[in-house]
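See below for the structure under consideration.
The values are calculated or read from the model by the stated rules, or taken from the named source; none is laboratory data. Note that the structure is a prediction, hence the values are computed from the model and not measured. Cβ atoms come from the backbone with ideal geometry, glycine included; neighbour counts cover every protein chain shown. The accessibility values were calculated without ligands, DNA or RNA, using every heavy atom of the protein model including side chains. Shrake-Rupley method; radii C 1.70, N 1.55, O 1.52, S 1.80 Å.
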Amino acid sequence: MIEFKKVSFAYETGKEVIRDLSFTIRGGEAVGLIGANGAGKSTVMKLLLGLLFGEGEIISAGLRLDKANLPLIRRKTGFILQDSDDQMFMPTVYDDMMFAPLNYGMTKEEAERRVDEVLERLELQALKHSYNHKLSGGEKKMAAIATILAMEPETILMDEPTAALDPYNRRLIIRRINGLSQTKLIASHDLDMILDTCERVILLSEGRIAADGKAEEVLRDKALLEANHLELPLSLSRR
Amino acid sequence: MNKMEKALAELGTMDELSARKSSIHSLHAGAKLLVTVAYIVIVMSFHKYDLSGLIPMLLWPVLLFQISGIPVRTCFYKLRIVLPLVMAVGLFNPFFDREIILRVGSLSVSGGVISMLTLMLKGVLCLMASFLLVATTPFDRICAALRAVHFPKTLVTLLLLTYRYVGVLTRELAVMTEAYHLRAPGQKGIHISAWGSFLGQLLLRSMDRAQEIYAAMLLRGYDREFRYAAERRFAMKDVAYTLIGVSLFLLLRFVNVSGLLGSLFVR
């Protein structure tokens, strides 16, 4: 479960990017976080992970977000970054996937079992010993998801998971996201992908909630989307 | 292919070499690291005039090239930038040390020439040994081995991340260079007036990336210690390799093999 209770945050420049934000995400829910550039989507993610601290109260993975709970919250929360090169910092996919389980005290054998299981589930066995810098964009994104799944997180946060992917890989990522049973919060401008993967959408505007509701309802509201520098998803505009 | 792409391709070649299969590749990285360090230390310990004693040390890299299947040509191609520097180290010795210490027929050879050749050979041997280590061992395993022998963790982490991100940085540099040339057609290189902003941009990009990477590491339980997964335990073959290697180096160092061989023929 994720809960924001009257959370505000300002960067050092003094500009408040999150203002009195409150929302709740139930366990197992898939929620899309949308909004124009600078609306505060990435900041919400960083606040949830304790990479930034603001005012108000945040409950993440059922725990109150403070310095004492931070290691446990981070252990239970996987974050898929927009740029997979930033996420995949070890030389090979295998090393990257082993990184978190080993850091969290698993033995090498246990961690390896988990890595193999995740690779099999995502049909990525062929990439196991590949060098990260040699992977294609789509492979890198899939491998990044695999590294996070190897942590067995309760909640998965994704920042633009389909950015810079070709249509085939985009479809593949959507399929994989739909196959994940965890609580998901997905920040993206790809509204078609949000429609395909999320049952609920939160629309942010200047750090506040402009809309929160069923994905189909929010994403069908042309006037609301246009007022927030967004457009109707292609699949809805055709209907 | 521009210079940056070539550099990236070369980086890829090293990965391909280290991913090959041979009995040398399959050895524990720690064993290879220990033997390489022992080799370098012993090569460096030869006296500056002991050229004939040093020559048999060539045996080891030749053996490794043969067994691992790494082409010698690739080694010298990769080392083409460093080799001239190594060669230049002893270049002035013949001018300072003119004492004649060897006569070959009517030809007098000064100590300076011998010490120059010895220094050059030492440099080449050490470079070959280092190249063979990197070409037969994946980089993460070398890092794991370095940590196992208590090499400072900050340095090892730096090495590992540099290796991982040198390609990404080169690609960014390639994109920036291309963007520059598209707006400065016909210009050779980058004009000096743009160097500052060019490097500044690269630095800012690198800093942004570094922050993201650090966040990604923290979010996956990083506590200032990399836990390497790649290495197995030391096996008998690793112990045997280490013992054979170090014993051979000591033998070549303390027994005058060249002299012995020479005396066989002279008799």
Inset, instruction - Hand me the list of helices (runs of 4 or more DSSP H) wholly inside the range B:1-71 holding 1 or more residues that are touching a Cys at 6+ places or on another chain (Cβ under 6 Å). - result: B:29-44
Inset, instruction - Report yes if residue B:233 is open to solvent by 40 Å² or more (accessible area, probe 1.4 Å), within 14 Å of chain A (Cβ to nearest Cβ) and either touching a residue at least 40 places away in the same chain (Cβ under 8 Å) or farther than 28 Å from residue A:133 by Cβ (or both), otherwise no. - result: yes
Inset, instruction - Output the number of the condition that residue B:206 fails; it satisfies all remaining conditions of (1) away from chain A (no Cβ under 14 Å); (2) at pLDDT 85 or above. - result: (1)
Legend entry - Of residues in the range A:57-94 being crowded, with 16+ Cβ neighbours inside 10 Å and small (Gly, Ala, Ser), the one modelled with the lowest pLDDT: A:61
Legend entry - Check on residue B:177, part of a helix (DSSP H, G or I), within 26 Å of residue A:96 (Cβ to Cβ), within 29 Å of the chain's Cα centre (by Cα) and hydroxyl-bearing (Ser, Thr, Tyr): no
Inset, instruction - Identify all residues within the range A:139-181 that are surrounded by fewer than 18 Cβ atoms within 10 Å (Cβ to Cβ), polar (S, T, N, Q) and closer than 14 Å to residue A:78 by Cα; write none if there are none. - result: A:181
Legend entry - Lone qualifier among B:103, B:98 - being surrounded by fewer than 17 Cβ atoms within 10 Å (Cβ to Cβ) and assigned to a loop (DSSP other than H, G, I, E, B): B:98
Inset, instruction - Kindly list the number of the only condition in (1) part of a helix (DSSP H, G or I); (2) at pLDDT 85 or above that fails for residue B:220. - result: (1)
Legend entry - Selected residue (criterion: nearest to residue A:108 (Cα to Cα)) from residues of the range B:141-155 that are of a type in the set (A, V, I, L, M, F, W, C) and surrounded by 21 or more Cβ atoms within 10 Å (Cβ to Cβ): B:144
Inset, instruction - Within the range A:141-158, count every residue that is touching a Ser or Thr at 6+ places or on another chain (Cβ under 6 Å) and in a strand (DSSP E or B). - result: 1
Legend entry - Residue that is farther than 21 Å from residue A:2 by Cβ and either among the small types (Gly, Ala, Ser) or in contact with a Ser or Thr (Cβ under 7 Å, 6 or more places away or on another chain) (or both), where the choices are A:175, A:170: A:170
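Condition check ((1) in contact with a His (Cβ under 9 Å, 6 or more places away or on another chain); (2) open to solvent by 40 Å² or more (accessible area, probe 1.4 Å); (3) within 30 Å of residue A:154 (Cβ to Cβ); (4) in the same structural domain as residue B:162 (by TED's automatic domain parsing)) across all residues:
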position: B:211; (1), (2), (3), (4): no, yes, yes, yes
position: B:252; (1), (2), (3), (4): no, no, no, no
position: B:255; (1), (2), (3), (4): no, yes, no, no
position: B:261; (1), (2), (3), (4): no, yes, no, no
Legend entry - Sole residue being under 20 Å from residue B:223 (Cβ atoms), more than 21 Å from the chain's Cα centre (by Cα), within 11 Å of another protein chain (Cβ to nearest Cβ) and not acidic (Asp, Glu), chosen from A:67, A:108: A:108
Legend entry - Residue match in the range A:97-111 (condition: on the phi < 0 side of the Ramachandran plot, open to solvent by 60 Å² or more (accessible area, probe 1.4 Å) and not in a helix (DSSP H, G or I)): yes
